Amino acid sequence: MGQKGREIVEIDVNEVIKDLNSAYADEWLAHYQYFLYAQVIDGIDAETLKNKLEEQSNDELNHAKELIKRIRELGGEPSTNLMDVSTCGFSEPPADTSDLVSIVELVLKGERCAIEKYNNLAKKYHMKDLVTHEIFEELLEDEVSDEEDWENFLPGLKQKQSRQQQSAELTTTTIR
């Protein structure tokens, strides 16, 4: 970024880089989390969910790339201590990898954390660093849309999982 580009940032550039690095860490960890979930899940509808998780993982990776670009424009370097700078963190997959409802609930937890974070950061950078503000605003819009998609996906998954459990209980009762 050029001299004038740096001059128009009306907030300490180091603070901006710190916030961008925290967002970068969250996006990278979300990418890894969703990718990992896609690799380990099993059970009914696992393939459908796997495809959705892989798509979501790629979206989060693209967010991380966008954040790195801005970090570098401001003269910073992306953090390599992701867990230290992340605020949303990483959620391990549940022990029962066929519990797809729990997987989606963990995804929703991550999306909601990102929504809260980006909402706060978009407000913080409004009229202080318009380029960074716009990045956080776009990420917020994307995460809000993702949350809605996952919320809409969850009821059907819960219904299928409930039917699967009832069928298994019926089979067990019939065998006895």
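The values are calculated or read from the model by the stated rules, or taken from the named source; none is laboratory data. Just so you know, these numbers come straight off a predicted model, no measurement behind them. No Cβ is skipped: glycine too gets one built from the backbone with ideal geometry, and neighbour counts run over all protein chains shown.
Table for the structure above
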| read-out | value |
| --- | --- |
| Filter result for the condition that a residue is buried (at least 17 other Cβ atoms within 10 Å of the Cβ), more than 15 Å from the chain's Cα centre (by Cα), modelled with pLDDT of 95 or more and within 30 Å of LYS123 (Cα to Cα), over ASP26, ASP19 | ASP19 |
| Candidates GLU111, GLU105, GLU116, filtered to the one that is in a helix (DSSP H, G or I), over 19 Å from PRO93 (Cα atoms) and either in contact (Cβ under 8 Å) with a residue 40 or more places away in the chain or of a type outside the set (A, V, I, L, M, F, W, C) (or both) | GLU116 |
| Which listed residue is within 15 Å of the chain's Cα centre (by Cα) and either in a helix (DSSP H, G or I) or modelled with pLDDT under 95 (or both), from GLU134, GLU147 | GLU147 |
| Positions within segment 105-131 being of a type in the set (A, V, I, L, M, F, W, C) and under 19 Å from the mean Cα position of the chain (by Cα), in sequence order | LEU106, VAL107, LEU108, CYS113, ALA114, ILE115, LEU121, ALA122 |
| Residue count, segment 29-48 (criterion: at pLDDT 95 or above, out of contact with any His (no Cβ under 9 Å at 6 or more places or on another chain) and assigned to a helix (DSSP H, G or I)) | 10 |
| Pair list, Cβ < 8 Å and 6+ apart or interchain, from segment 53-74 residues that are within 21 Å of VAL131 (Cβ to Cβ) and of a type in the set (Lys, Arg) to residues that are at pLDDT below 95 and crowded, with 22+ Cβ neighbours inside 10 Å | none |
